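Participant: Right, I'll just put the structure down here and ask away after.
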Amino acid sequence: MKKKPTVNSFGVIGLGRFGMALAVTLAKAGKEVIVLDECESKVREIRQYTDLAFVTSDLNEESLREAGIQNCDVVIVCIGENMGVGILTTMTVIDMGVPRVISKALTTEQGAVLKKLGAEVVYPEKDMAYLLGKKLVSNSFMDFLSLDDSVEIRQVQVSGSANGRSIEELALRRNYQLNIIAIERNHKTTIEIHPEDRLWEGDIISVIGKVDAIDKFEDQL
C-alpha cells in the first residue's frame, strides 16, 4: 500500500464546536494549525494551543493570505451555518491553490455546491455517527483525520466501567486528551454535549483525538 504523504500544516476556518475540537486535536498532535474566526473570545481560547489564531470578520482573499492560509497542506472550512459565507470562503481557498480543501455542510444542497467547487464535504451535524460507523470507506472524512496515523475520529461503544458515569466523571479530556463530539442513543445523534450528561451501556460516542489515546481509552472500558 502506498504511504500517504506527511501533512503538517492545517488551516481551520470557523471555531464552532466542530472547528474548535478539530483545531485543538490537530495542534495537540504536533501539527501547525492556522485558525480564523470572527469571535475574539474563541480566538483567545484557541491561542493556548496555537499562536497562529487570528480574529477576522472578512474572509476575503487578502485576509486569508495575511493569515497564511495559502501555505497550508489542508484547509477545513467549518462555516456550515452561514451557507453563503461558507461557499464563498471555500471557493476562495480553492482558488488560492490549497492542495486539499474540506468544507462543512448542513444540507445535501449545500454539499452539492461545495463538491462542484472541488471541495470534499463533511456533514458533522447531520450524519456523524453514520460516517464514523462506516469508517468512511469512501475516503472522505475519516481518511483525512487519519493522516499520518496520528489523529482520528472513532466511534466507541459505552460498556463496563463507563456505564452510568457522566462525561465529567470520565474526564476524557484530562486523562486521554480526547473530546466527545457526538453521542448516539436509540438511533438518535446529538452533538450538544454537557459535562453532566451520563452515558449508558449501548450508547455510541464519537471521540476525536490521537489514535493511541483512543486505543488506550477503549482498553479501559
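Participant: Counting GluC sites (Glu not before Pro) as exposed when in a DSSP loop with at most 13 other beta carbons within 10 Å, what is the longest stretch of the chain free of them?
Facilitator: No qualifying site falls inside 82-191, the longest such stretch.
Participant: Can you bin region 14-87 into rounded, prolate or oblate? Criterion: square roots of the alpha carbon gyration tensor eigenvalues sorted a ≥ b ≥ c, rounded for a/c under 1.5, prolate for a/b above b/c, oblate for the rest.
Facilitator: It comes out rounded by the Cα gyration axes.
Participant: Using only alpha carbon pairs under 8 Å that are at least six residues apart, calculate the relative contact order of the chain and give it in whole percent. Walk me through the intermediate numbers first.
Facilitator: Working: 419 pairs, mean separation 36.2, N = 221.
For the chain, the relative contact order is 16 percent.
Participant: Treating each Cα of region 5-52 as an identical point scatterer and ignoring solvent, apply the Debye formula and state log10 I(q)/I(0) at q = 0.26 Å⁻¹.
Facilitator: Per q value, in the given order, log10 I(q)/I(0) is -0.92.
Participant: What do you get for the angle between helix 83-95 and the principal long axis of the chain? Use alpha-carbon atoms, 0 to 90 degrees, nearest ten.
Facilitator: Helix 83-95 and the main axis of the chain meet at about 60 degrees.
Participant: Based on the alpha carbon coordinates of region 169-221, what radius of gyration and maximum Cα-Cα distance (Dmax) apply, in Å?
Facilitator: Using the Cα atoms of region 169-221, the pair Rg, Dmax is 10.9, 29 Å.
Participant: Assuming a ≥ b ≥ c are the square roots of the Cα gyration tensor eigenvalues, decide whether the chain counts as rounded (a/c under 1.5), prolate (otherwise, with a/b larger than b/c) or oblate.
Facilitator: Here the chain falls in the prolate category.
Participant: Still on this structure, please answer the following. With a cut-off of 8 Å between alpha carbons and a minimum separation of six or more residues, what is the relative contact order of region 65-114 in percent? Show your work: numbers first, answer last.
Facilitator: Values: 64 pairs, mean separation 21.2, N = 50.
That works out to 42 percent.
Participant: Could you pull out the trypsin sites (Lys or Arg not before Pro) across region 10-104 that fall in loop regions by DSSP (anything but H, G, I, E, B) with no more than 13 other Cβ atoms inside 10 Å?
Facilitator: The qualifying sites are Arg47.
Participant: Something else now. Would you list, by chain and number, the aspartates and glutamates whose Cα falls below 16 Å from the Cα of Lys210, excluding same-chain residues fewer than 8 positions away?
Facilitator: The qualifying aspartates and glutamates are Glu32, Asp143, Asp148, Asp149, Glu152, Glu218, Asp219.
Participant: Right, here's the next one. Enter the angle in degrees (range 0 to 90, nearest 10) between the Cα long axis of helix 211-220 and the first principal axis of the Cα atoms of the chain, meaning the one along which they spread out most.
Facilitator: It is inclined by approximately 10 degrees.
Read the figures in this text as sums done on the coordinates, not as results from a lab. Predicted model only: the values in this text are computed from it and were never measured. We place every Cβ from the backbone using ideal geometry, glycine too, and count neighbours over all the protein chains shown.
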